[in-house]
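The values are calculated or read from the model by the stated rules, or taken from the named source; none is laboratory data. Keep in mind the model is a prediction, meaning the values are calculated, not measured. Because the Cβ atoms are built from the backbone with ideal geometry, glycine has one as well, and the counts that use them run over all protein chains shown. Calculation scope for accessible area: heavy atoms of the full protein, side chains included, ligands and nucleic acids excluded. Shrake-Rupley method; radii C 1.70, N 1.55, O 1.52, S 1.80 Å.
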Amino acid sequence: MNKPEPNRSGPVDGWTAKYPELGTDPISIQANIDPNYFEQEREKIWKRSWLNVGREEDLPNPGDYVVRDVEILQTSVIIVRGEDDVIRAFHNVCQHRGNRVVIDRSGNAKGFKCGFHGWTYGLDGELGYVPDEDQFFNLDKCKSGLRPIATELWRGFIFINTNPKQNLKNYLGEIGEQLDPFQFEDYQWVVQFSVDVKCNWKIFVDAFQEAYHVCELHRGSAYEPFAGKDNPFAHATHMQLWELHRMLSVPGNPEFVPSPSCLKAIQYGGNAVYTPAEGGSDSAASPPGTNPGKHPNWSFDIDVIFPNLQLLFGAGWYLCYNYWPISVDRTRWTARYYVPPPRTVAERIMHENTEAQVRDVVREDLFTLENTQVILNSGAITHMPLSDQELLVRHQYHVVEKLVRGE
């Protein structure tokens, strides 16, 4: 029996050809299974990158705070809006004996008191009160406040960095400029999904930065909205890579007809995730800052702000994904769905319909992750051959490897 000839060239005029520095070789799986590699990622990537920890509307009032236990940073973080309306972040560590200062996950406070010995800190992190202070030797309260973490905002998103080498604006670069026109302030958070999954963080991100899997994994749930007779494999309509960040545009199928229940919801409530514009998908329907390729059959964009923030933008909605590595084979993931505030009951019903659609598709995505990690750990494969449609996956491993090497 004759063996089939391998495809030696691939798409010579494809997306990967625009970025020759990435090459076309299969990608080693070692970065997904090696604990030592994970520790290098911790030190050289996560402790030096700007990480998204929420949005400013999570802290609407002075004194509002949230606590995030960030395993990859090996610390607990307090994020608080001060009396001066400035949002700051601090290590949740008392400067006396290292006790955790704030126990509650969120709340509103005038300050923070350690439950061990009562050292009390202001919302600005300054040490205000030490019980029995005159028993200490040369205690300088001005130098004993909560240890700050660099905090900056972009378009309402709160970022922290434990060892910043550049400001957030420069870190975001062109992807920040491209997304800046999007009107985040016109949207509200309506539902959140959160899950801990036994897989490496890169495997998790990989699942949401290509549309190649739509044709098989989402065949019964989300195939027809994005793939049609003219684009049966849901080839991306646009891709862009930057030094750290990346994006792609997912196509829409202009011949897709939503289900009767979805059509009724759309009739009275507006756009849904799987809704082509009237008469077919239309680039004019794309919000400002999206669909940079201006493709007529546009559905939504996937923008990855390295390393832990992923934003998906459609007409009338956006999704925010956060990835938090816990160990080499465990990741915490949170997804938030945002829409404009509903003006009518019908629009609220439309939102409920879309939430259900998003939930069902996300569950299918999550199904593959732990299976993948188990097989990679087995050693049954050593490398991953990637297609031209998986350019963003290839780019992620290129960026990680470059940073781990210190380049």
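Quick notes
- For region 96-105, the condition of being touching a residue at least 12 places away in the same chain (Cβ under 8 Å), within 24 Å of Gln188 (Cα to Cα) and not aromatic (Phe, Trp, Tyr) holds for at least one residue.
- Test: residue in region 148-165 that is within 14 Å of Val101 (Cα to Cα) and either open to solvent by less than 60 Å² (accessible area, probe 1.4 Å) or hydrophobic (A, V, I, L, M, F, W, C) (or both): no
For (1) at pLDDT 95 or above; (2) surrounded by 19 or more Cβ atoms within 10 Å (Cβ to Cβ); (3) within 27 Å of Trp50 (Cβ to Cβ), each residue gets a yes or a no:
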{"position": "Thr290", "(1), (2), (3)": "yes, yes, yes"}
{"position": "Pro296", "(1), (2), (3)": "no, no, no"}
{"position": "Asn308", "(1), (2), (3)": "yes, yes, yes"}
{"position": "Ile326", "(1), (2), (3)": "yes, no, yes"}
{"position": "Val339", "(1), (2), (3)": "no, yes, yes"}
{"position": "Arg343", "(1), (2), (3)": "no, no, no"}
{"position": "Glu352", "(1), (2), (3)": "no, no, no"}
{"position": "Arg359", "(1), (2), (3)": "no, no, no"}
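- Condition broken by Leu217, with the remaining ones in (1) of a type in the set (A, V, I, L, M); (2) open to solvent by 40 Å² or more (accessible area, probe 1.4 Å); (3) touching a strand residue (DSSP E or B) at 6+ places or on another chain (Cβ under 8 Å) satisfied: (3)
- Of everything in region 96-116 that is farther than 25 Å from Glu57 by Cα and touching a Cys at 6+ places or on another chain (Cβ under 8 Å), the residue that is surrounded by the most Cβ atoms within 10 Å (Cβ to Cβ) is Cys114.
- Of the residues making up region 370-407, those that are assigned to a helix (DSSP H, G or I), open to solvent by 40 Å² or more (accessible area, probe 1.4 Å) and more than 22 Å from Ser327 (Cβ to Cβ) are His398, Lys402.
- Whichever residue in region 220-238 is open to solvent by 20 Å² or more (accessible area, probe 1.4 Å) and not in a loop (DSSP other than H, G, I, E, B) and, among such residues, is farthest from Thr16 (Cα to Cα): Asn231
- Residue check, Asp64 farther than 24 Å from Leu172 by Cβ, touching a strand residue (DSSP E or B) at 6+ places or on another chain (Cβ under 8 Å) and either open to solvent by less than 40 Å² (accessible area, probe 1.4 Å) or among the charged types (D, E, K, R) (or both): yes
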